[in-house]
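Student: One structure follows; several queries about it will come next.
The values are calculated or read from the model by the stated rules, or taken from the named source; none is laboratory data. From a predicted model like this one, the values you see are computed outputs, not experimental measurements. Note that we place each Cβ from the backbone using ideal geometry, even for glycine, and neighbour counts take in every protein chain shown. Just the protein is used for accessible areas: all its heavy atoms, side chains included, with ligands, DNA and RNA removed. Shrake-Rupley method; radii C 1.70, N 1.55, O 1.52, S 1.80 Å.
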Amino acid sequence: MRLMRPIQLMKIAVLVGVMLMISPQARAESDQAGINASSIEDGQSLKTHNLSFAVSVDSVLHNIKRKKDVHLIDVRGSREFDAVHIPGSINIPLYLIKAKPFLKTGRLVLVDNGYLYGLLADECEKLAENGFHVSILWGGLNAWKEKGMDFEGDMFAVRQFGRVSSRDVFLEKYFKERTIINVAPEHSSLSAQLFPEARHAPDLTGDLLIEIAAEKAPAVFSSILIFNENGMGYDAMEDIVNKAGVGNVFYLTGGLDAYAGFLRNIALSNAPPETRARSVGNCGP
């Protein structure tokens, strides 16, 4: 199954933004189309990331302590960076790093929110081919937070680092470094179809979380995604995670409802125009 490229998803987002109203029949059809597009087919094997670029927080701190020429490159948007960032990090968009040849003299560590690894790894391959010494901070800002490291800026924004968008989950869905846990009371047919590999643990405890995380041991580069129906109640879940001492844990923003809506919008944007919009008053579709 082919994954959409990021630029395609960006175009989709623009198209979805201009949609007005859809008929119940079109919505039902697009719902199923989006679900089918995201479902993992029987017998389809999950892929493995190129982890040769991944580095842990401990490794980065070790190199900084040894006074190696390490540059933390925060690839998020400027607004996100201005709100909060790692002290001493530099804000450079991912696509502009290649235009900074002076950075070839140091060791670059790319940093983002932490869940979306694939896009960074693709760019790292290109940068390495052009003479850059580059790696990716596994877990990103979320891992930095879990280690209790310092930040500059809005401390409220720090708590949001573990929240993951539906888009990022979609792009990382087919890689086996992720363990997915459904903490909703019911394991619905929709959740079973969209996340067939998910563990259902409605009464997730610290001990059970440790047991689940241990299944990936001794892998350093793995993570856990937790979701429920609507994305509510994650703060209490985060307290359980913190007390258990399990790292690289993320939470799906808006839960299953938001993810299903994201898939529906993708399907709608690819549907014929007449099925996704209608005239309102004297305005055209």
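Student: Going by average Cβ density within 10 Å per residue, which order do the peptides 58-66, 160-168, 173-181 take, highest to lowest?
Tutor: 160-168, 173-181, 58-66
Student: Hey, another quick one. Quick one: with all protein chains in place, what share of the accessible area of region 38-175 is carbon or sulfur, to the nearest percent (1.4 Å probe)? Before the final figure, lay out each step's value.
Tutor: Numbers: 3500 of 6780 Å².
Carbon and sulfur: 52 percent of the exposed surface of region 38-175.
Student: Skipping prolines and chain starts, which residues have an amide H placed within reach, meaning under 5 Å, of the one on Asn270, given they are 5 or more residues away or on another chain?
Tutor: none
Student: Tell me which residues come under 5 Å, amide H to amide H, from Ile181 once H is placed; ignore anything under 5 positions away on its chain.
Tutor: Arg199, Leu225, Ile226, Phe227
Student: What does the highest-first list of 239-246, 71-78 look like by mean Cβ count within 10 Å? Could you put the intermediate results ahead of the total?
Tutor: Details: 239-246: 14.9, 71-78: 18.4.
Per-residue Cβ counts within 10 Å, averaged per peptide and sorted highest first, yield 71-78, 239-246.
Student: Pull out the extension gain between Lys68 and Asp82, defined as 0.36 nm times the separation in residues minus the alpha carbon to alpha carbon distance; nm, one decimal.
Tutor: Result for the pair: 2.4 nm of gain on full extension.
Student: Could you calculate the contour length gain from Ile210 to Gln193, that is, 0.36 nm times the residue separation minus the distance between their Cα atoms, to one decimal place in nm?
Tutor: Answer, rounded to one decimal: 3.5 nm.
Student: Okay, moving on. For Phe53, what accessible surface area do you get with a 1.4 Å probe? Give it in Å², rounded to 10.
Tutor: 30
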